[in-house]
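Just below is one structure, and these are the notes that go with it.
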Amino acid sequence: MLSGAVRWLCRSGSMDRAVVRVLPSEPRLTISLVLSGTLRQLQRDPAEPLGRSLSRIAASAAKGPSKKRKGRAAEPVAGPRVRLWFGGEPVSEDELSGSAWRDGAVLEVGESRYRVERNPPACTELRLPGHIMAGFPVCPRLELDFSRPELCRFTWYRAALPAAGCPESEAGRGGAGAGEQRKESPGEAQAGDCPAGEAGAEWEEAGEQLVYTPGVSEVGCRLKLRVTPGDGARFGPAREVEAPGPVAAGPGRCVFEERQLYTGRLSAEPVTRTVSYNVLAAVYAESEHARTALFPYCAPYALQRDYRLCLLQRELTGYRADLLCLQEVDRDGFTDSLRPAMDAFGLSGVYKGKDRQLEGLATFYRRSRFTLLSQHDIQLGAALQGEPLHRDIMEKLERYPGARDRVLNRSSALQVSVLQSTSDPSRKICVANTHLYFHPKGGNIRLVQIGVALTHIRHIAYELYPGIPVIFCGDFNSTPSTGMYSFITNGTISEDHEDWTSNGEDERCNMSFTHPFKLKSACGEPAYTNYVGGFHGCLDYIFIDSERIEVEQIIPLPSHEEVTSHQALPSVSHPSDHIALICDLKW
């Protein structure tokens, strides 16, 4: 039996298909076609003459089923005649393969004819989240070749779950997670042909957009998405995927909903809505330590990645940010969930992982407002040790081996993106994002880290792009009473500050730093941005260049009653132990 991909290649009216993939960035071109009932994929050098590629196709066709007598080798089979036609004329066999395979050409292999499709639009990956809730946007993971989402057709279907005793779909039996969903054969999927349909449930159309938000009436239903990729002139084979489980009921009113009353519309020039948020990495939330010690008050299911991603996507998309700086972003969560979700809402994102941890930093920017000019990300410890820019700090730190080793062994990172305004290319901005060392007694380590970070940012904003304003977001793990906060806002830290001995004499490292920026906290000094059992305090900030940027509006934080409605954070109605900072800034 032919596979779905083979069946698609076989059908094009009365003519078979030969799909040719040719990209300047790839050293080989690929020719995919069905020969003797088998899908063949031939890799060829784009710079070789067409005649060689045709000879290779003839040889491959000759390898079809051959008669073989017992005890004798297979009899050789002569290859068929192979020619390429375009516009009714044969293409010269001396032409280079990279240009000879034109869209709409006809390949002749013996008695068979193939219509050539050069770089047709294709959906190479399609996945739905592992947990879907009513009232929360469903953002598919979508990978496209030679296509863009705005050129594709999207069709969502819904169906009630099969009745008791009926066979369920493969996804519904629990054998496939979000990354192992059943894939329909390209070009074959039709509404009603999934297993739920075979069990008697009827699929009905539910929507025709990239992102779908199921309603309360759809709790218990199963969802399916069909994507037909396009390039503006033609459409490729459709691909279909069914959600791994039914639509679940939501948690009721979420902690962040009241705040979204202030962000119901996108901001407009010259205002830029900026968000900084530690989203709580799954590697920390799903551990046994998290369930029993860090967040024992939180229902275990609400600590699971898929559940929290549902909440997080609804929260982030509802803020309608132009700039979004996130900390504790899981590597695979960025690729599989956050980037596709933000992309569907008009934001592009870049990621900077930590050296030895499965989480890191992510910065998103609204494509209609900004383009990415350059990235200047560093690992703070590695940069301190290896870059001449930080030699002065390193020489001071060498006098204190205990503190030096602690600093160099940390995996903290700094993400720096230079963005350019789409409406006024002369306007650029430096957006920095970091997550400093977390230990309560690590004030001295954080001082060194912020010294390195500000030196690096100064190099970008004063030397590489002189005069551009700075927005510095992050989880600084420092309250307003600390030396780190004082250093950022005042521009200097003395060598006798008490934080240099925050972890005792063995790690004392008395130094003095200065920086030239005039930075202030755009959201002020809230009572807390982190609220867990046993601790609450202000650890997160959006620092802005006060000489070039002013605050237009600060989005109020949730009330204390909302934050503590389930004792502390995270909870069934809030995905993180931190609270997002949101403000509208104006150049």
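The values are calculated or read from the model by the stated rules, or taken from the named source; none is laboratory data. These numbers were taken from a predicted model, which means no experiment stands behind them. All Cβ positions, even for glycine, are placed from backbone atoms using ideal geometry, and neighbour counts span all protein chains on display. Accessible surface is based on the protein model in full, side chains and every heavy atom, while ligands, DNA and RNA are left aside. Shrake-Rupley method; radii C 1.70, N 1.55, O 1.52, S 1.80 Å.
A compact table of results
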{"quantity": "Over 26 Å (Cα to Cα) - which of Lys354/Lys586; Lys441/Lys520; Lys428/Lys520 fall in this group", "calculated": "Lys354/Lys586"}
{"quantity": "Computed helical MRE - 222 nm, the chain, DSSP H runs ≥ 4 contributing -39500 (n - 2.57), nearest 500", "calculated": "-4500 deg cm²/dmol"}
{"quantity": "Neighbour cut-off at most 12 other Cβ (10 Å), DSSP loop, GluC sites (Glu not before Pro), region 522-587", "calculated": "Glu547"}
{"quantity": "Loop-located chymotrypsin sites (Phe, Trp or Tyr not before Pro) in region 334-408 whose Cβ has at most 10 other Cβ within 10 Å (DSSP)", "calculated": "none"}
{"quantity": "Nearby aspartates and glutamates by direct alpha-carbon distance to Lys352 (threshold 17 angstrom, same-chain neighbours under 8 apart not counted)", "calculated": "Glu328, Asp330, Asp332, Asp336, Asp377, Asp475"}
{"quantity": "Rounded D (µm²/s) - region 255-406, Kirkwood Rh over Cα pairs, Stokes-Einstein at 10 °C, 1.306 mPa s", "calculated": "89 µm²/s"}
{"quantity": "Listed residues Thr228, Thr514, Thr363 arranged by accessible area, highest first, probe 1.4 Å", "calculated": "Thr514, Thr228, Thr363"}
{"quantity": "Cα gyration tensor shape for region 389-482, rounded if a/c is under 1.5, else prolate or oblate", "calculated": "prolate"}
{"quantity": "Sequence-separation-based contact order of the chain, relative, with Cα cut under 8 Å and 6+ spacing, percent", "calculated": "11 percent"}
{"quantity": "Cleavage-rule hits (chymotrypsin sites (Phe, Trp or Tyr not before Pro)) in region 434-498: DSSP loop, at most 13 neighbouring Cβ within 10 angstrom", "calculated": "Phe438"}
{"quantity": "Heavy-atom accessible area ranking, 1.4 Å probe, most first, across Thr371, Thr292, Thr434", "calculated": "Thr292, Thr371, Thr434"}
{"quantity": "Those aspartates and glutamates that a straight Cα-Cα span of less than 14 Å connects to Lys63, excepting residues fewer than 8 apart in one chain", "calculated": "Glu75"}
{"quantity": "Cross-link partners of Lys396 among aspartates and glutamates (Cα-Cα below 17 Å; sequence separation of 8 or more within a chain)", "calculated": "Glu387, Asp405, Glu495, Asp496, Asp499, Glu505, Asp506, Glu507"}
{"quantity": "Cα-projected label distance for Lys518 with Ser559, points at 7 Å along beta-carbon direction, nm", "calculated": "3.9 nm"}
{"quantity": "Per-residue SASA entry for Glu205, accessible area with 1.4 Å probe, Å² rounded to 10", "calculated": "110 Å²"}
{"quantity": "Mean projection area, nm², convex hull over Cα of region 209-277", "calculated": "8.5 nm²"}
{"quantity": "Region 447-552, accessible surface, carbon-and-sulfur percent (1.4 angstrom probe)", "calculated": "42 percent"}
{"quantity": "Gained length - Glu495 relative to Glu204, 0.36 nm times residue gap less alpha-carbon distance", "calculated": "97.8 nm"}
{"quantity": "Solvent accessible area, Å² - Met15, 1.4 Å probe, full protein context", "calculated": "60 Å²"}
{"quantity": "Accessible-area order (highest first, 1.4 angstrom probe) of the listed residues Lys518, Lys224", "calculated": "Lys518, Lys224"}
{"quantity": "Radius 12 Å from Cβ of Val109, net charge of other residues (Lys, Arg +1; Asp, Glu -1)", "calculated": "+2"}
{"quantity": "Cα principal axis extents for region 324-478, largest first, Å", "calculated": "49, 35, 25"}
{"quantity": "Cα-based shape type of the chain, given that a ≥ b ≥ c are square roots of the gyration tensor eigenvalues and the cut on a/c is 1.5", "calculated": "prolate"}
{"quantity": "Dipole-positive endmost among Val255, Pro425, Gly491 within the chain (Cβ charges, Cα centre)", "calculated": "Pro425"}
{"quantity": "Solvent-free Debye scattering, log10 I(q)/I(0), computed from the Cα coordinates of region 340-431 at q = 0.21 Å⁻¹", "calculated": "-1.00"}
{"quantity": "Computed label-point distance, nm, for sites Arg81 and Glu258 using a 7 Å Cα→Cβ extension", "calculated": "8.2 nm"}
{"quantity": "With DNA, RNA and ligands ignored, accessible area of Arg339 (1.4 Å probe; Å², nearest 10)", "calculated": "90 Å²"}
{"quantity": "Approximate spin-label separation Arg118-Glu552, in nm, with each point projected 7 Å along Cα-to-Cβ", "calculated": "4.7 nm"}
